[in-house]
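Student: Here it is, the structure, as structure tokens.
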Amino acid sequence: MRSSRFFFKTLKEAPADAEVVSQRLMLRAGLIKRVAAGIYTWMPLGLRVLRKVETIIREEMNRAGAVEILMPAVQPAELWQESGRWEKYGPELLRIRDRHGRDFVIGPTHEEVITDVVRRDVKSYRQLPLTLYQIQNKFRDEIRPRFGVMRGREFLMKDAYSFHAGFADLEREYRNMYAAYTRIFTRMGLSFRAVAADTGSIGGTGSHEFQVIAETGEDDIAYCPDSDYAANVELAEALPPATPRPAAAAALERVATPGQTACAEVAAYLGISPTQILKTIAVVCERDGEKELALLLLRGDHTLNEIKVGKIAGLETFRFASEAEIEAFLGCPPGYIGPVGVDPQKARVIADRSATVMCDFVCGANVAGFHFTGANFGRDCPEPEVADLRNVAPGDPSPDGKGKLAFCRGIEVGHIFQLRTTYAEALDCAYLDEQGQRRIMEMGCYGIGVSRIVGAAVEQGNDEKGIVFPAAIAPFEVAVVPMGYFKSEMVKSAADRLHDDLVAAGFDVLLDDRDERPGSLFADMELIGIPHRIVVGERGLKEGKLEYKGRADPVATLLAADAVFALLAEKLR
RNA sequence: CGGGGUGUGGCGCAGUCCGGUAGCGCAUCUGCUUUGGGAGCAGAGGGUCGUGAGUUCAAAUCCCACCACCCCGACCA
């Protein structure tokens, strides 16, 4: 390809509203253009990257035995009503109406459609297992789209769905997809980690996210540097403390703490560590119109994990208590509540594992402006129920027992999930087994954010000059930059021949034949992240040499033409 | 949904307080010079100043309403 025949335009300044580096660079390099909030046009240069990502995914999905299909973006409301998600999905689901007044949605995902396809055509265990995938645009009406293509409203996604006779076979395919995803992200040259993810109400170990490691990621990951343990922070288990609770030593005493409500404030006011404070959080569950209060106890420096709370029997539908509710139940404002003196009939008290080993702690006195010091479980209040309620913190022991947890941030680019029979049941997707018994299929689903990968790759590969793409997904592999294409016949013919030879040899090459000064050409080729550059100039040609420079290499080297070919062949192999 | 901010050629911005012919840099076009790290000079084109309704002799500027976009927050007591 020649620049003069291609279509791309770079900017010296990025639009002011672009926040993260990938968004700024993608706009500056002319990979994408914003059309509306969270909606982008993929310009030819960006589309080449997107297509390369897509191709790697397609090759590996095919290799893993999945079969490609293409479903519609516009889906009838009936299917969503049948699965129950017409009501449940909420405002992220873009609903539209046709000229006859019939309801449709623009698909944010395709469980309904794929399950409908399979239930119509798959009747026997002989046709199973079956894994279908597509690469297609999705639309999710995000509250706040941001970060360019990393959280867009319309985005390209690879979604795969597998159907099985029995759970064991689902687990086999899940491992198969896990391996395929690992190959995919490895081939793309990304630094990533598979992390255990929340499985919602389904439970079990059936969900992993594939996270590209990046500071600007939106997800917090807890991992163990000494093992392969990694989990979403929200999911990581906080182990019970290794040491037992020390004996009570101090007497219970009520102290005035006027205006001090947050744990950190109280700690500072009393001149103690937040670890000595018992944090009490009031939540409410409504059952049959009855409000039930629960007090959740945490060590002062720990934070509550709402997902873990939602998994406690009886608290599935909890919400935080309002100020008025706290006043009504405990007779004091929030900020001064605690477990001491609370009627067990009135409120369930559940302590985090770490909180249960605290002694002589500080907690709210259930009187405005006062806290207790020297409080102890068993002596001053009943022993609470115990549960894992908190988010893990850096330095906590790894749940696999192999070291301490560290934190990093990641961008979720893939998610695999054992759906089990949720959708198959709702849509009555069944098969006949060997005995002629009708059985509901087990399902898995496997997603990859194709367009998000491009953003994640830029987020991971950039420097002060612009994007540094991994060769596997760069818009072009090699840039041929002539010095004086329109001035020197020698340079022109050498650059043309080099371009043709490289193309013939199978390289993906861009000859920058624009009539610009060398500085502009260099700057643009670097900005758009082409990994390899060959400069053709009279200087080198007179010695029969070409100049090679890798995008990330500090210096250029002069090489004989055939040596350049050999080097490229080696680097791009 | 709550709070804050911004809307002026393709991009980045000034002008708004204090009303009086809409400006700068980049980009684009023409010419000359230049040519191994985003050139120089001379000239040119391009803007209903987010939309609407007001005040005024006169509105980018003042008033009101609306829209769009961006940022932060959404209950850890």
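Student: I want to confirm something. Restricting to region A:167-194 and keeping residues that are more than 25 Å from A:Glu218 (Cβ to Cβ) and among the aliphatic types (A, V, I, L, M), which single residue is surrounded by the most Cβ atoms within 10 Å (Cβ to Cβ)?
Tutor: Across region A:167-194, the extreme among qualifying residues is A:Leu170.
Student: Could you identify the single residue in A:Val454, A:Val468, A:Val478, A:Val458 that is closer than 19 Å to A:Lys52 by Cβ, among the aliphatic types (A, V, I, L, M) and surrounded by fewer than 24 Cβ atoms within 10 Å (Cβ to Cβ)?
Tutor: From the options A:Val454, A:Val468, A:Val478, A:Val458, the qualifying one is A:Val468.
Student: For region A:326-341, which positions are buried (at least 16 other Cβ atoms within 10 Å of the Cβ) and away from RNA strand B (no atom under 13 Å from the Cβ)?
Tutor: A:Val340
Student: Next question. Which residue is surrounded by the most Cβ atoms within 10 Å (Cβ to Cβ), if the candidates are limited to region A:307-325 and must be outside any loop (DSSP other than H, G, I, E, B) and within 10 Å of RNA strand B (Cβ to nearest atom)?
Tutor: A:Val309
Student: Further, regarding this structure: Suppose we keep only residues that are surrounded by 17 or more Cβ atoms within 10 Å (Cβ to Cβ) and not aliphatic (A, V, I, L, M) within region A:11-30. Which one would you say is farthest from RNA strand B (Cβ to nearest atom)?
Tutor: Top of the filtered list is A:Ser22.
Student: Next question, about the same structure. What's the number of the only condition in (1) surrounded by fewer than 20 Cβ atoms within 10 Å (Cβ to Cβ); (2) within 30 Å of A:Ile221 (Cα to Cα); (3) out of contact with any helix residue (DSSP H, G or I) (no Cβ under 9 Å at 6 or more places or on another chain) that A:Ala247 fails to meet?
Tutor: (2)
Student: Name every residue in region A:239-267 that is within 13 Å of RNA strand B (Cβ to nearest atom) and either small (Gly, Ala, Ser) or under 31 Å from the mean Cα position of the chain (by Cα) (or both), in order of residue number.
Tutor: Matches in region A:239-267: A:Gly259, A:Ala262, A:Ala264, A:Ala267.
Student: With the condition being within 18 Å of the chain's Cα centre (by Cα) and touching a residue at least 24 places away in the same chain (Cβ under 8 Å), I'd like the strands (runs of 3 or more DSSP E) fully within region A:371-462 carrying at least 2 qualifying residues.
Tutor: Output list reads A:406-420, A:442-449.
Student: All but one of (1) surrounded by fewer than 16 Cβ atoms within 10 Å (Cβ to Cβ); (2) part of a helix (DSSP H, G or I) hold for A:Arg144; state the number of the condition that does not hold.
Tutor: (2)
Student: Starting from residues that are outside any strand (DSSP E or B) and within 16 Å of RNA strand B (Cβ to nearest atom), keep the ones in region A:147-166 and report whichever is surrounded by the fewest Cβ atoms within 10 Å (Cβ to Cβ).
Tutor: Per the criteria, the residue is A:Arg153.
Student: Ok, one more. Quick check on A:Thr421: is it of a type outside the set (Lys, Arg) and either more than 30 Å from A:Phe329 (Cβ to Cβ) or buried (at least 23 other Cβ atoms within 10 Å of the Cβ) (or both)?
Tutor: When the stated conditions are applied, A:Thr421 passes them.
Student: Something else: Six or more apart or on different chains, Cβ under 9 Å: which pairs go from a residue in region A:230-250 that's outside the structural domain of A:His302 (by TED's automatic domain parsing) to one that's surrounded by fewer than 11 Cβ atoms within 10 Å (Cβ to Cβ)? Could you list them?
Tutor: A:Leu239/A:Gly401
Student: Among the numbered conditions (1) under 17 Å from A:Asp360 (Cα atoms); (2) surrounded by fewer than 17 Cβ atoms within 10 Å (Cβ to Cβ), tell me where A:Asp301 comes up short.
Tutor: Tallying (1) under 17 Å from A:Asp360 (Cα atoms); (2) surrounded by fewer than 17 Cβ atoms within 10 Å (Cβ to Cβ), A:Asp301 fails exactly one: (2).
Student: Would you confirm whether or not region A:162-171 contains a residue that is outside the structural domain of A:Cys381 (by TED's automatic domain parsing), under 17 Å from the mean Cα position of the chain (by Cα) and modelled with pLDDT of 90 or more?
Tutor: No, there is no match, as no residue in region A:162-171 is outside the structural domain of A:Cys381 (by TED's automatic domain parsing), under 17 Å from the mean Cα position of the chain (by Cα) and modelled with pLDDT of 90 or more.
Residues checked against (1) in contact with an Asp or Glu (Cβ under 8 Å, 6 or more places away or on another chain); (2) not aliphatic (A, V, I, L, M):
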{"site": "A:Ile32", "(1), (2)": "no, no"}
{"site": "A:Leu50", "(1), (2)": "no, no"}
{"site": "A:Val53", "(1), (2)": "no, no"}
{"site": "A:Arg63", "(1), (2)": "no, yes"}
{"site": "A:Val67", "(1), (2)": "no, no"}
{"site": "A:Pro91", "(1), (2)": "yes, yes"}
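Student: Okay, moving on. Could you please find all residues in region A:285-298 being surrounded by fewer than 22 Cβ atoms within 10 Å (Cβ to Cβ) and either within 17 Å of A:Asn366 (Cα to Cα) or not hydrophobic (A, V, I, L, M, F, W, C) (or both)?
Tutor: Once the filter is applied, which keeps residues that are surrounded by fewer than 22 Cβ atoms within 10 Å (Cβ to Cβ) and either within 17 Å of A:Asn366 (Cα to Cα) or not hydrophobic (A, V, I, L, M, F, W, C) (or both), region A:285-298 yields A:Glu286, A:Arg287, A:Asp288, A:Gly289, A:Glu290, A:Lys291, A:Glu292, A:Leu293, A:Ala294.
Student: Further, regarding this structure: Please return the ranges of strands (runs of 3 or more DSSP E) entirely within region A:479-573 where 1 or more residues are more than 9 Å from RNA strand B (Cβ to nearest atom) and touching a residue at least 24 places away in the same chain (Cβ under 8 Å).
Tutor: A:509-511, A:532-536
Student: Scan region A:78-95 residue by residue and report those that are surrounded by 12 or more Cβ atoms within 10 Å (Cβ to Cβ), of a type outside the set (D, E, K, R) and closer than 25 Å to A:Pro145 by Cα.
Tutor: Hits for region A:78-95 are A:Trp80, A:Trp86, A:Tyr89, A:Leu93, A:Leu94.
Student: Given the structure, is A:Leu304 more than 10 Å from RNA strand B (Cβ to nearest atom) and within 31 Å of the chain's Cα centre (by Cα)?
Tutor: Against the criterion (more than 10 Å from RNA strand B (Cβ to nearest atom) and within 31 Å of the chain's Cα centre (by Cα)), A:Leu304 does not qualify.
Student: Return yes when A:Thr55 is within 16 Å of RNA strand B (Cβ to nearest atom) and without any contact (Cβ under 8 Å) to a residue 24 or more places away in the chain and no when it is not.
Tutor: No: the conditions fail for A:Thr55.
The values are calculated or read from the model by the stated rules, or taken from the named source; none is laboratory data. Owing to the predicted nature of the structure, the values given are computational and were not obtained by experimental measurement. So basically every Cβ, Gly included, is an ideal-geometry build from the backbone, and we count neighbours across all protein chains shown.
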